[in-house]
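The values are calculated or read from the model by the stated rules, or taken from the named source; none is laboratory data. Note that the coordinates shown come from a computational prediction; the quantities given were computed from them, not determined experimentally. When we count neighbours, we look across all protein chains shown, and the Cβ atoms used for this are built from the backbone with ideal geometry, even at glycine.
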Amino acid sequence: MPYSDKILEHYNNPRNVGSLDRQDPNVGTGIVGAPECGDVLKLQILVDENDNIIDAKFKTFGCGSAIASSSLATEWLKGRKLDDALEIKNTDIARELALPPVKIHCSVLAEDAIRAAVADLKRKRAARQAAAVGAAPSGKSGELP
Amino acid sequence: MRRIYLDNNATTQVDPRVLDAMLPYFCEKFGNAASRNHVFGWEAEQAVEQARQQVAAVIGADPREIVFTSGATEGNNIAIKGVAEMYADRGRHIVTQATEHKAVLDPCAYLAQRGFRVTILPVDREGRIDLRQLEEAITDDTILVSIMHGNNEIGTIQPIAEIGRICKRRGVLFHTDCCQTFGKVPIDVEAMGIDLLTCSAHKIHGPKGVGALYVRRKNPRVRCAPVLHGGGHERGMRSGTLNVPAIVGLGMAAELCRLHMGTEPARLAALRDRLRDGILSRLEDVRVNGSLTHRTPSNLNLSFAYVEGESLMMGMPEIAVSSGSACTSASLEPSYVLRAIGVGEDLAHGSIRFSVGRFNTAEEIDYVIERVVATVRRLRQMSPLYELAREGIDPASVVWTRS
């Protein structure tokens, strides 16, 4: 059987399938891959004000290895600090799932999805901060220099 | 674990009656069919000649026109390379089509590298060639047209009799790969103007490793250079000691097909239609690939939108089918046959081929319907593409980041 027990386990009992609210300012969303390639991973993280990842969800269009890689990723993300999420390497995922060489790219996709989700959250936060800074300083309403 | 086999286009279970027919030729009547001087050789030769008749009877040929091979790949190689070599001074142009099996396309590519010109006709959305395009493609330089009777992936049947008529009129030899139709769809080499025909035992509940190549001997007499040189067996067309037990198996498999031609194709089609209707009535966004009307009776090829083929197969490990998904191919390329009929790559990834056979039952089909429907539904719940579609966003309109 080319599928390891770990891959089958994640496939048959995937962790954290679902969606978070994309509009939520505390949610980071990463979508990587392309339908033409046969792999699309959507990974989302919910982060609190102390940068703890308190929830993670995924949806995947792809083979069993892609599903297992993204399921495992959400498992590893929950409870991590936001910046620690970037420590997760595709090689760790591949090793944990015993991915065969031809499926390594699935773990790469999962790592990319994590990065994309983190980047999305940071971008949202930066935009909010910029908007807050750009608003008139408190006490002087409507006054222009 | 219960196992259901629905991959009969890939290979088939050997019919017990075929195995029974083969067994004496291993330990009792084990002679070399070319041993002309003793009873061991005579009885082996007799068995081979009976198999020749059995194969010929399925296609309306003369037994002397049947060459035994190691299978359809070898048969296709002999037909294409052998004709090219023999007729090279008459012309160097070959016409074939885009959904042929690799065992036809690769020999053509090989010849293209050696000074032959190969025209690969496109197919329409059902997988059929355009007869006008065939007419236009044939020139004074054309020596061979090779067009399969039924496609192995999508089941589409080509207009063989019309192709044969065109080739006859234009003086071009016509070869057809009949692996998927031999014994399932009526074939008459005279009525259809066929000059060379390939078939394979393991597609008709016979053993692997043996097949037959029909080579016309009259009107016209077709000459074919051998691919294997040696003792001159099979009228010089295929040297090598005959695999007597396997040939006996091929003969019996052919005979069983012929005897059941009145009922079996209809039974296969009924099972296939039951499977198709059962799935299509319960799931949306499922597309049938290949012609609905010109189709081999046992084949069903479906694309399930928003779901990938390998993950679908993983969800029903007790059911044997195959997929056009890149993930299931060694080259990581999606099926070229599906691409040729215009199926988008995303739908090609979500394709599954079901092919019924002699030993499948209605009860198995009903079980498979349940499992397919349940697995597709589960995977769609997990699919970001299904989510987008439900939100009313066409995934084709999204700009994807490829990784």
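Taken over the range A:101-136, residues that are in contact with a Pro (Cβ under 8 Å, 6 or more places away or on another chain) and surrounded by 14 or more Cβ atoms within 10 Å (Cβ to Cβ) amount to 2.
Considering the range A:21-36, and only residues there that are outside any strand (DSSP E or B) and within 12 Å of chain B (Cβ to nearest Cβ), the residue that is nearest to A:Thr74 (Cα to Cα) turns out to be A:Arg22.
Looking at the range B:195-204, can you tell me whether even one residue there is within 24 Å of B:Asp89 (Cβ to Cβ), assigned by TED's automatic domain parsing to the domain that holds B:Arg64 and of a type outside the set (Asp, Glu)? Within the range B:195-204, one or more residues are within 24 Å of B:Asp89 (Cβ to Cβ), assigned by TED's automatic domain parsing to the domain that holds B:Arg64 and of a type outside the set (Asp, Glu).
Scanning the range B:1-17 for residues being among the acidic types (Asp, Glu) and within 20 Å of B:Ala254 (Cβ to Cβ) gives a total of 1.
Selection over the range B:241-296 of residues that are surrounded by fewer than 16 Cβ atoms within 10 Å (Cβ to Cβ) and at positive phi gives a count of 1. Against the numbered list (1) part of a helix (DSSP H, G or I); (2) more than 14 Å from chain A (Cβ to nearest Cβ); (3) within 22 Å of B:Tyr367 (Cβ to Cβ), B:Pro297 comes up short only at (1). Against the test of being of a type in the set (A, V, I, L, M, F, W, C) and at pLDDT below 95, the options B:Leu268, B:Leu312, B:Leu292 yield a single qualifying residue, B:Leu292.
Mind checking whether some residue in the range B:147-160 is in contact (Cβ under 8 Å) with a residue 12 or more places away in the chain, of a type in the set (S, T, N, Q), in a helix (DSSP H, G or I) and closer than 24 Å to B:Gly290 by Cβ? For the range B:147-160, residues in contact (Cβ under 8 Å) with a residue 12 or more places away in the chain, of a type in the set (S, T, N, Q), in a helix (DSSP H, G or I) and closer than 24 Å to B:Gly290 by Cβ: absent. Counting only residues that are under 25 Å from A:Pro14 (Cα atoms), give me the helices (runs of 4 or more DSSP H) lying completely in the range B:334-403 with at least 2 of them. Result: B:345-349, B:362-381, B:384-390. Scanning the range B:1-30 for residues that are in a helix (DSSP H, G or I) and basic (Lys, Arg) gives a single hit, B:Arg17. Beta carbons closer than 7 Å, at least 6 apart along the sequence or on distinct chains, never pair a first residue in the range A:65-82 that is touching a residue at least 60 places away in the same chain (Cβ under 8 Å) and closer than 14 Å to A:Gly30 by Cβ with a second that is part of a helix (DSSP H, G or I) and of a type in the set (Phe, Trp, Tyr).
Restricting attention to the range A:37-88, the residues being of a type outside the set (Asp, Glu), facing chain B (nearest Cβ under 9 Å) and not in a helix (DSSP H, G or I) number 10. Looking across the range A:22-40, the residues that are closer than 19 Å to B:Leu347 by Cβ and touching a Pro at 6+ places or on another chain (Cβ under 8 Å) come down to A:Pro35, A:Gly38, A:Val40. Checking each residue in the range B:207-236 for being touching a strand residue (DSSP E or B) at 6+ places or on another chain (Cβ under 9 Å) and under 25 Å from B:Val18 (Cβ atoms) picks out B:Lys208, B:Val210, B:Gly211, B:Ala212, B:Leu213, B:Tyr214, B:Val215, B:His233, B:Glu234. Given the criteria modelled with pLDDT of 95 or more, under 17 Å from the mean Cα position of the chain (by Cα), surrounded by fewer than 23 Cβ atoms within 10 Å (Cβ to Cβ) and among the β-branched types (Val, Ile, Thr), does B:Thr73 qualify? So B:Thr73 passes the test. Yes or no: the range B:356-371 includes at least one residue that is of a type in the set (Lys, Arg) and within 11 Å of another protein chain (Cβ to nearest Cβ). The answer is no, given that none of the residues of the range B:356-371 is of a type in the set (Lys, Arg) and within 11 Å of another protein chain (Cβ to nearest Cβ).
If you check A:Asn12, A:Asn16 for being touching a Lys or Arg at 6+ places or on another chain (Cβ under 6 Å), over 20 Å from B:Ser325 (Cα atoms), surrounded by fewer than 21 Cβ atoms within 10 Å (Cβ to Cβ) and within 13 Å of another protein chain (Cβ to nearest Cβ), only one passes: A:Asn16.
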